[in-house]
1. Can you tell me which of (1) within 11 Å of another protein chain (Cβ to nearest Cβ); (2) under 30 Å from B:ASN192 (Cα atoms) is the one A:LEU127 doesn't meet?
2. Could you please let me know if B:SER210 is buried (at least 19 other Cβ atoms within 10 Å of the Cβ), modelled with pLDDT of 95 or more, touching a strand residue (DSSP E or B) at 6+ places or on another chain (Cβ under 9 Å) and of a type in the set (Gly, Ala, Ser)?
3. Where residues in segment B:214-272 are over 21 Å from B:ILE290 (Cα atoms), modelled with pLDDT of 95 or more and small (Gly, Ala, Ser), which of them is most open to solvent (accessible area, probe 1.4 Å)?
4. Has segment B:230-252 got any residue that is within 30 Å of A:SER102 (Cα to Cα) and not basic (Lys, Arg)?
5. Conditions first: (1) at pLDDT below 95; (2) among the polar types (S, T, N, Q); (3) buried (at least 16 other Cβ atoms within 10 Å of the Cβ). B:ASN347 passes all but one, so which condition is the exception?
6. Mind checking which residues of segment B:180-207 are open to solvent by less than 30 Å² (accessible area, probe 1.4 Å) and either away from chain A (no Cβ under 14 Å) or within 24 Å of B:CYS353 (Cβ to Cβ) (or both)?
7. Output the number of the condition that A:THR183 fails; it satisfies all remaining conditions of (1) away from chain B (no Cβ under 14 Å); (2) among the hydroxyl-bearing types (Ser, Thr, Tyr); (3) open to solvent by 80 Å² or more (accessible area, probe 1.4 Å).
8. Sort out which residues of segment B:146-164 are open to solvent by 40 Å² or more (accessible area, probe 1.4 Å), part of a helix (DSSP H, G or I) and free of Cβ contacts under 8 Å to residues at least 40 places away in the same chain, and write them in order of number.
Amino acid sequence: MRFPKGYAGVNKLFASEIINIFSSVMFFVASVFAVFSSQRIVNPQYLPIIVIPLIAAGLMSVVAFILQLVGLGQAKKDDQMFKTAFAFVFVGVAASVVSFMSGGTLSNIFSSISEVSSLIVSVYTILGIYNFAEKMDNASIMLNAKITIIIGASAFAVAVILRMVPVFFPRTEYMLDLFVSVTELTAYIIFLICLGRARGMLAEKK
Amino acid sequence: MKFQNYVTRTVKTACFFLAVMMSCLLLQQYVLRNVDHNSLRVEGFYQEERDSLDAVFIGASDIYTSFMPGRAYEKYGFTSYLLASESITSEGVITAVKEVVRTQHPSLIIIEANAFLYGDSDNETNEAHVHKFFDNLPFSINKLNYINRKVPVDNKWEYMFPLIKYHGLWTELPDRVNMMQSNFNLDLRGYNYLKGFRTTAKVFKSDTPSLNSQLPYETGELDLDPELQQNLFDLLDYSKENNLNVIFVRAPHYVTKDTYDRVKRSNKMESILEERGFDYYAFENYSELIGIDDSRDFYNEDHMNVYGAIKFTDFLAEGLANDDDLKIGEQSEAQQEMWKEVSATTNRLYRYCDDLMTNGEEKGAQEDVITLDALENYSDAPIER
């Protein structure tokens, strides 16, 4: 294996994303149960089916975050791009906390910083994978990485533009949010595929 | 390495421009900005949870010094907000109504008539009054419409980006720290404590006699300024097209010979509104019925102090609570907690102002760090009249 630390890091990043997906599913399940039970007379027997998935989702999110940090920490030993991604994870977390704890314009500004940081983490992670692929002469993964970055950046740009539309057309944000979610989900799936293929590439004993 | 260099250079350039933009936004929002009680009031409105207000009051200082949302909630359980600005223009009132429709869906909109009662339309182009309201509105189609239609070409950019107008304020920074901190705290907290109420602790004493006792018998009318009348018609048409429950009020004033013409214009406005099927309550004409004491309840000719405001609030809130059009929405626990805090702060403010006036001190009292700090020494128990 040419990049053992790179492989270990990317492996953990992939695992982190899979756990995040499960966490989102658990959270969705808890939300559905919460809506379902709120329509009935309050009954304590419904509480566990809401609370358990919620707790599971929370725990999985924490595990996923730790895996992401450890993964980037390992991968940065084999490529510098992961170092930048690693730094921006902390920038994003700090911005999210400030955004959550405040309101008004301050919250909006730091929410934007958090989203941009998230994008930069993804871009630099994929750039790191691109570097590995270039060194291993894997043109297919290089192309995959290029496409992932272009689509990811485009989806972000579309989201930014569409979020300005409700300024001119009030009460359209719900419909546009749905469209933005679909775009971002597509970009995320492409990101996940790239990460998965990079795992396979780095696992090769060459 | 070409692709990586291209991407990293693009990211660095984008980050640089984003950093510049964020810095300008932060400077415009918190530092180089004409922050005053109007800013805190208008901004606080946009921090209210969407569709969480049962009633919204729109108007000028007449209403934000007269009605106490915290008191109304405590006694009658409905939530309200004072989306008002000092000497707001009639165009400002129309924009405010549109903003209320855009962000909230209150069951009642109450408009104080002041903006339509000036003897001429000079207030419509008073830059200070226009800026006090419009600078604090977020970017929206309604704000853009106003800038497009009413602002001279040379000044449009400073309305879109107030930093252009106020960049020179850095020289006044030490004096502005109090309001800057208040503004910052508002954003950190996520809501304001007084929902727009502001007062001055002072009892107005005047050698000029009040003519309030004559007003119930005054039936004379004076025509409204043509531009203001047209704006009123536009507002009424907009309200009808959008099925809004709008009522108009006129808050009590210390009416003298000099301000008597306004009463006659108010009577004219009442006739116009009745013709068009809108309710108008000229409380100014019936201040004695409300229990307003001319010798004690005002801090100047145009505004009531807390003694007057609490009476007016109780009177008007009771009327609104009995109005079939007012629908009281369900609140989450977090909102109930917030509104309890609003009522408690209002009660403290009343006691604070009462204390000041009893000791013969005169002071403005509003949602700023100095006033809020001073309130901590006072009880938050409900005020018994």
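1. Among (1) within 11 Å of another protein chain (Cβ to nearest Cβ); (2) under 30 Å from B:ASN192 (Cα atoms), A:LEU127 violates only (2).
2. Details: buried (at least 19 other Cβ atoms within 10 Å of the Cβ): yes; modelled with pLDDT of 95 or more: no; touching a strand residue (DSSP E or B) at 6+ places or on another chain (Cβ under 9 Å): yes; of a type in the set (Gly, Ala, Ser): yes.
Taking the combined requirement at face value, the residue does not satisfy it.
3. Checking each candidate, the answer is B:SER271.
4. Within segment B:230-252, the subset within 30 Å of A:SER102 (Cα to Cα) is none.
Taking every residue of segment B:230-252 in turn, none turns out to be within 30 Å of A:SER102 (Cα to Cα) and not basic (Lys, Arg).
5. Of (1) at pLDDT below 95; (2) among the polar types (S, T, N, Q); (3) buried (at least 16 other Cβ atoms within 10 Å of the Cβ), only one is false for B:ASN347: (1).
6. At the first step, the residues of segment B:180-207 found to be open to solvent by less than 30 Å² (accessible area, probe 1.4 Å) are B:182-183, B:186-187, B:190, B:192, B:194-197, B:199-201.
Hits for segment B:180-207 are B:SER182, B:ASN183, B:LEU186, B:ASN192, B:LEU194, B:LYS195, B:GLY196, B:PHE197, B:THR199, B:THR200, B:ALA201.
7. All conditions are met except number (3).
8. Answer for segment B:146-164, where residues must be open to solvent by 40 Å² or more (accessible area, probe 1.4 Å), part of a helix (DSSP H, G or I) and free of Cβ contacts under 8 Å to residues at least 40 places away in the same chain: B:ASN148, B:ARG149, B:VAL153, B:ASP154, B:LYS156, B:TRP157, B:MET160, B:ILE164.
The values are calculated or read from the model by the stated rules, or taken from the named source; none is laboratory data. Note that the structure is a prediction, hence the values are computed from the model and not measured. Methodologically, a virtual Cβ is constructed for each residue, glycine included, from the backbone with ideal geometry; neighbour enumeration extends over all protein chains shown. Note: areas computed on protein heavy atoms with side chains; ligands, DNA, RNA excluded. Shrake-Rupley method; radii C 1.70, N 1.55, O 1.52, S 1.80 Å.
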